[in-house]
Amino acid sequence: MSDPIQIRDPIHNFISLNEEQVKVIDSPIFQRLRNIKQLALASLIYPGALHTRFDHSLGVFHVAKSVLRRLELDGTDEARVVEFAALLHDLGHGPFSHVSEQSLEMFADRSSLPSDQKKEKIHELITAHLIETDPDIEKILGKNRSRQVTQLLNAWPGDPVFRSIISGPLDADKLDYLLRDSYFCGVAYGRFDFAQLERSLCRVKKQLMLRKTGVTAFEQYALAKHYITQNVYRHKGRLVTDAMITRAIALGIRTDKLPAMQKLYCFDGTPAFYKNYVTWHDARFMTEFAGVRAKQGKCKDVLCRLVDRRLFKRVFSLGLESFSYEVKTFMGNYIDKPETVCFRMGIERAVSDVLSFEFKSAVDPDLVILNKVKTKPIHEMAMNDGQVLVNGHEQPEPINEVSKFLDSVGTAKAGAGVDLEMYAPVEWLSRSRRDAVCERIKQSVVDVIEQAVREEAKGHDSV
Amino acid sequence: MTAFEFVLLLFGAVPGHCIEGRTKLQKVAYFLGLQTGVAKSLGYRPYFYGPYSAEVAEATSTLIALDFIKETQQPGPLDDKGFERKKYRYELTADGKKAVDFMAKGQASALNAKIKQAIKELNAVVKADYVNLSYAAKVFWLTKGQETDAQEIGIRAESTGWHLDQPQIAEATGFLKKIKTRGFQPTWE
């Protein structure tokens, strides 16, 4: 089939699509991705970061296609499945991309799910369901191919190399988003020699591997991932904006009891949930919950602060290694989930008291946020849940045994860490005042966390 | 159960509180996960060197960042070009031992007891060489513990992207039979 459509893209120049692929991107469910920003509200920190899941999906498609061509796998049935999987891999994203994922996990009604889905990630269930049941997608792909696409995204029974193009350390998703996020944020951190990395990919023993000519480009890619994580994805302002959206959703559901918010995030796997879910995107979310007709309440207050860019401030940040072994153990294992909400709220309430005393005015405990920020070590981030192999003389070798650079940064300590942070709706009059306040309240916050963990542990002992 | 709990308690229970090699750590956790019925939660997937869990790797890194586990590099064997391959050694620290006690006293006490029992039953796994353990883990992944013809295992291995020759399959099958007689009863959640 010829490629009738060529789309201009700032990262890959021209992206070519055939008739079937054009039909997919023209479907309403795919067009919805135009209204979901790739990096949520990162544009409040990096004004250029207005790119969307739509652009990224096209980019991933383009990379996957070019890798298939490089491996001489293009034109096969499996290749067509890979191309569709690349296009559709983000179909299940909700408003503000990954921020929605956390809220879906928090508020899902797992008891209503079939037993084989109870432990699945909700956004993955949503993506698979939409690919398999959306009438437009089904009409274009057919039932069988839709099923193959979801298999490729989850558990692929076929040749592993196809799965590696979609998910793995060298997948098309990462090869696109590092370059794209870097470009739109206006930073150089995520850049690497894509052309060299792509041309050094090879297929050996049904595995996606690198030729030795790609080792330097991969080293660059590993560092690019580390640096963009440190400077963009983990930028303190971005952590705050993500945490504020998550908190606004929680307040909308628990405190303000907004039916529309409950309907959007309380996943139960019913057709009614999906029907509603696909009508939401970033702009509708903000209009509905922060617009002039939105119901007054704490959810709206937080969202309006985001609209006006009156961000919460980071009032505390400390590496978990600085705490007692009890806190390190408990918080190292801590995950924000329904069972831990009371514990977290206890800490937030106590810290709001500390802040109210310091600022001599009441700080609402519902607007104080505890955040655990985890950073993976460089080598683990680069390998991304897998192993990168270099096609050696006799047998494949792990890249860290070929690259002296990756070997030297291969320890688990390099780049790794867990921080506990607190955000609150306070204002700094100056940088020096900020530093002085943070220093002054530091020990009090540490004491609050130590005390909360001790009490929680006592509770478990008595049970 | 989280991978953090599992890996920490595993180090609290293995002899010497120490495991040598990243591959060995992955495979020991795999077999102990199967024996304690938590393997599915650990998210193992097939990779080139056998079943691999990103959750276990991430939990190990976090435990190292928190100074509960100490990672050291040791000189390893020379490769065919005379290049010395490093071997990673993981050992529970004094703080890590306190963390194990703290966790075992709390809600993870039942998991701790299960892991300790599993280590008694799977002593051969803990003692095995990482290469043999890797073959055994691959064969178990392919057969799910069912009696399977060696040729068929070889075919399934190829389709997964693994190459297992007949002596390797025989060795792995023998190892799996041995641990079965000593109480290996894998369960999935």
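FYI, it's all coordinate maths here, none of it is from the lab. What you see is a predicted model; the values in this text were computed from it and never measured. Note: ideal-geometry Cβ built from the backbone for every residue, glycine included; neighbour counts use all protein chains shown.
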>> Kirkwood hydrodynamic radius, computed over distinct alpha-carbon pairs, for chain B: how many Å, to one decimal?
In response: 17.0 Å
> Along the Cα-to-Cβ line of A:Q451, 7 Å from the Cα, sits a label point; which residues in the stretch A:370-414 have backbone N less than 20 Å from it?
Replying inline: A:370-371
>> With just the Cα atoms defining each centre, how far is the stretch A:340-356 from the stretch A:46-88? Give it in Å.
In response: 44 Å
> In deg cm²/dmol and to the nearest 500, what is the mean residue ellipticity at 222 nm of chain B if only DSSP H runs of at least 4 residues count, each as -39500 (n - 2.57), divided by the residue total?
Replying inline: -18000 deg cm²/dmol
> In the neighborhood of A:L125, defined by Cβ-to-Cβ distances under 13 Å, what is the net charge if each Lys or Arg adds +1 and each Asp or Glu adds -1?
Replying inline: -4
> Fewest to most neighbouring Cβ within 10 Å: what's the order for A:S57, A:S200?
Replying inline: A:S200, A:S57
> How high is the relative contact order of the stretch A:305-463, in percent, counting Cα pairs under 8 Å that sit 6 or more residues apart?
Replying inline: 37 percent
> What full-extension length gain, to one decimal in nm, is calculated for B:I155 and B:E121 as 0.36 nm per residue of separation minus the Cα-Cα distance?
Replying inline: 9.2 nm
> Quick one: length gained pulling A:T279 to A:L50 fully straight, 0.36 nm per residue minus the C-alpha distance?
Replying inline: 80.4 nm
> What percent do you get for the relative contact order of the stretch A:5-186 when only Cα pairs under 8 Å and 6+ apart count?
Replying inline: 26 percent
> Given the stretch A:329-463 reduced to its alpha-carbon atoms as identical point scatterers, what log10 I(q)/I(0) does the Debye formula return at q = 0.13, 0.18, 0.19 Å⁻¹?
Replying inline: -0.73, -1.01, -1.07
> Taking the alpha-carbon centroid of each part, what is the distance from the stretch B:93-140 to the stretch B:1-75 in angstrom?
Replying inline: 8 Å
>> Below 8 Å, C-alpha to C-alpha, sequence gap of six or more: please give me the relative contact order for chain A in percent.
In response: 15 percent
> Sorting A:S16, B:S61, A:S352 on the 10 Å Cβ count, fewest up front, what's the list?
Replying inline: A:S16, A:S352, B:S61
> How far apart, in nm, are two points set 7 Å out from the Cα along the Cα-to-Cβ line at A:R69 and at A:T340?
Replying inline: 4.6 nm
> With r defined as the distance between the Cβ atoms of A:R34 and A:D136 and R0 fixed at 25 Å, what FRET efficiency is calculated, to the nearest 0.05?
Replying inline: 0.95
>> Under a crude label model (7 Å from the Cα following the beta-carbon direction), how far is B:D101 from A:E20 in nanometres?
In response: 6.4 nm
> How long are the three semi-axes of the equivalent ellipsoid for the protein assembly as shown, computed from the Cα gyration tensor as the root of 5 times each eigenvalue, in whole Å, largest first?
Replying inline: 38, 34, 24
>> Highest mean first, how do A:239-247, B:133-141, B:175-183 rank when packing is the count of other Cβ atoms within 10 Å averaged over residues?
In response: B:133-141, A:239-247, B:175-183
> So which lysines can A:K374 reach, going by Cα to Cα under 21 Å and dropping same-chain residues fewer than 8 places off?
Replying inline: A:K121, A:K174, A:K225, A:K236, A:K313, A:K328, A:K337, A:K413, A:K442, B:K70
>> How much length would be gained if the chain were fully extended between A:T255 and A:I5, taking 0.36 nm per residue of separation minus their Cα-Cα distance, in nm to one decimal?
In response: 85.1 nm
> For the cross-link pairs A:K119/A:K372; B:K116/B:K144; A:K37/A:K263; A:K205/B:K138; B:K86/B:K144, which exceed 25 Å when the distance is taken from alpha carbon to alpha carbon?
Replying inline: B:K86/B:K144
> Dividing the convex hull volume of the Cα atoms of the stretch A:5-186 by its residue count, what figure in Å³ per residue is obtained?
Replying inline: 123 Å³
> Using the count of nearby Cβ atoms within 10 Å as a rough guide to exposure, how do A:C185, B:C18, A:C342, A:C266 rank from fewest to most?
Replying inline: A:C342, B:C18, A:C266, A:C185
>> Suppose each label sits 7 Å from its Cα in the direction of the beta carbon; what would the B:E91-A:R147 distance come out to in nanometres?
In response: 5.4 nm
